[in-house]
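The values are calculated or read from the model by the stated rules, or taken from the named source; none is laboratory data. Just so it is clear, the model here is predicted, and its values are computed rather than measured. Every residue, glycine as well, gets a Cβ built from its backbone with ideal geometry; the counts of neighbours run over all protein chains shown.
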């Protein structure tokens, strides 16, 4: 059995920022707010911690101030440690390991951190797939199948993310073919969560970098499907790959289904996040709330329907919020009305104003904007 | 020897709070849940941190397990520190024998060594029984300005309630002239809040004397402070005006929770400059279903509401099923109110289950005999069976058996 503290976690916090360009303009994919009180990185980080992983590196490229602020010392995830714990890995300003454009360069730039870690295995993940999975079961599958590389896959509609691998497997889960999928096709697509021996990753990355290879998916995974034992393990629970603003909105809304929320926030593997010490949400005398997720610190005096409301949001008297995602500390003034919108943090909608997106195509309003 | 510290706080958290009945059967009073996500002790601890006091001794005695576990290393209040921080101080054995904390003054006396390690100028004595937000640094400044030996925080209470409190007669300067302990006919409405600042050298001297006095009951209010007064020490009253509530009884605990829903009450827990910290439960945002109706209430993360909730405070991970009614009640963490159950004017402790159709508590206007009316209480982990009833003012400390439909019609 693989010991949990023999696994190093590595998270790519900036991967696929471009899919959510509005939301990642000032932050990393990992620090995008989600589900009222979380940031996207909370899911993958909690998955690692819940499996007993005690050392995690967060690879960053740009705009990582919000991520640093969110993670702090890592205490919220029990990763403030003397030995191991949370490491934020900003890029070095050196030519060979400077700002990177692909996963191979990103890992290559952090070879020092990876090399110096004592762990035998590595679990690698991005932040754009929202799910709660057992990393212990993933490691056990890897060991039992005798795999060199194990990839966590999800069956469904292939997300519109560049270079998404789609696999075919034999009965044991061994990958027999790997191709780039086209968005919308049905298939077993990669969640970009990988498990392997650290030494193997180091060798693969060094070889690929030496050959000036650019694509982790094509030059390392596809290339080795026949040569190494590459296995795929299917995640059958809730998983949502966020490939666009629309998908971001839909993934939030999906949490209003009890089954999805239960699967994602199951109590035996809780999702941790930075604690804000808000008071509980306060409902006014004329409040009217239906089918919503509401976070601590909210003050709700108006009507809110089918929405995800972040921490510290105020909905004033007579205001109406429908089918919307409202991030923390936003303010909806007296008698104002919003429908199908995504409000980033601290948006202020003044009294009486109205703002509506089309059904299913929400309007996005940037951080701190006053309407 | 630890780093010299100007002022440290000693928090008396050993009390049973016997008037809270089954709510304190397994936990000390300071660990009693309050306000949706807090426990009573969060208030003095947060006040300390917000006032810049980072060394706090917490004296525990009665049922300390949950309290010790809750405080942990103090990280929730930023009190996990290299120098200072929070320390749990329980009674201990010594060469000459061992004894429990006999009284409030004796509890501090037994921890003189702890205080001496920090060599403080001043010691703040607090109790873990009250809900209030107070800047102790202002009181300390007052204490220094008056060159006092002891400063007692004082609150003006309504005259008609004054006889329930320890009262002080104070001159224009703030100096205390006389004390009255729960008098029948009060001459003052200035009540002690149980918050003291002492000059440590003075307190140390009087603690030793108090311990040597065999007739003393070793209590601050009854023995030590009167002794200081008699000896002519400089005693001052520091005027506090703000929300303060002793949540010592079922009624006052119920009231203090519902005070949070009254806009007129001066207790703002959302003030970012004076946060009240607590240990987080790592639960998702709460869910309000399309069938729910929630009004004038406080609801915490992890709740799932499909019934009607009005004028109530719900703690983390409470579940209110479809058709259930929660009115004017306090529901503590993890409790489930099943379909069609009705909970009114009640306090339901942690992880209780109110089965389908059960009825807990009653509106006062529906009670025939008003004298028999009171807030109903359901203890932690108690199951109130299907169709069963918990009468107003009753305390259900053990499972209440289900009542079948036939029995009900009889």
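For the range B:181-199, a residue qualifies if it is surrounded by fewer than 19 Cβ atoms within 10 Å (Cβ to Cβ) and touching a strand residue (DSSP E or B) at 6+ places or on another chain (Cβ under 9 Å), and the qualifying residues are B:181, B:182, B:183, B:187, B:189.
Only one of the listed residues (A:146, A:115) is surrounded by fewer than 17 Cβ atoms within 10 Å (Cβ to Cβ), closer than 22 Å to residue A:201 by Cβ, in contact with a helix residue (DSSP H, G or I) (Cβ under 7 Å, 6 or more places away or on another chain) and touching a residue at least 24 places away in the same chain (Cβ under 8 Å). That residue is A:115.
Condition (residue is touching a residue at least 40 places away in the same chain (Cβ under 8 Å) and facing chain A (nearest Cβ under 10 Å)) applied to the range B:317-324: is it met by at least one residue? No; the residues of the range B:317-324 include none that is touching a residue at least 40 places away in the same chain (Cβ under 8 Å) and facing chain A (nearest Cβ under 10 Å).
Residue B:312 meets each of the listed conditions (1) buried (at least 22 other Cβ atoms within 10 Å of the Cβ); (2) at the interface with chain A (Cβ under 9 Å from one of its Cβ atoms); (3) closer than 14 Å to residue A:284 by Cα apart from (2).
For residues in the range A:329-346 being touching a residue at least 40 places away in the same chain (Cβ under 8 Å) and assigned to a loop (DSSP other than H, G, I, E, B), which is farthest from the other protein chains (Cβ to nearest Cβ)?
Across the range A:329-346, the extreme among qualifying residues is A:344.
Screening residue A:236 on (1) touching a strand residue (DSSP E or B) at 6+ places or on another chain (Cβ under 9 Å); (2) modelled with pLDDT of 95 or more; (3) surrounded by fewer than 19 Cβ atoms within 10 Å (Cβ to Cβ) shows it passes everything except condition (2). Entry remark, the range A:334-363: residues being modelled with pLDDT under 95 and in contact with a helix residue (DSSP H, G or I) (Cβ under 8 Å, 6 or more places away or on another chain) number 3 in total. Exactly one residue among A:166, A:153 is assigned to a strand (DSSP E or B) and surrounded by 21 or more Cβ atoms within 10 Å (Cβ to Cβ), and that residue is A:153. Determine if the range B:125-136 includes at least one residue that is surrounded by fewer than 18 Cβ atoms within 10 Å (Cβ to Cβ) and modelled with pLDDT of 95 or more. For the range B:125-136, residues surrounded by fewer than 18 Cβ atoms within 10 Å (Cβ to Cβ) and modelled with pLDDT of 95 or more: present. Residue pairs whose Cβ atoms lie under 8 Å apart, sitting 6 or more positions apart in sequence or on different chains, and linking a residue in the range A:307-318 that is within 11 Å of chain B (Cβ to nearest Cβ) and in contact (Cβ under 8 Å) with a residue 24 or more places away in the chain to a partner that is surrounded by fewer than 21 Cβ atoms within 10 Å (Cβ to Cβ) and outside any loop (DSSP other than H, G, I, E, B), are A:308/A:253. Of the residues making up the range A:239-264, those that are outside any helix (DSSP H, G or I) and facing chain B (nearest Cβ under 9 Å) are A:255, A:256. Among the residues of the range B:200-217, those identified as loosely packed, with under 12 Cβ neighbours inside 10 Å and part of a loop (DSSP other than H, G, I, E, B) are B:214, B:215. Checking the structure you have, find out if any residue of the range A:128-137 is without any contact (Cβ under 8 Å) to a residue 12 or more places away in the chain, in contact with a helix residue (DSSP H, G or I) (Cβ under 9 Å, 6 or more places away or on another chain) and in the same structural domain as residue A:37 (by TED's automatic domain parsing). Looking through the range A:128-137, none of the residues is without any contact (Cβ under 8 Å) to a residue 12 or more places away in the chain, in contact with a helix residue (DSSP H, G or I) (Cβ under 9 Å, 6 or more places away or on another chain) and in the same structural domain as residue A:37 (by TED's automatic domain parsing).
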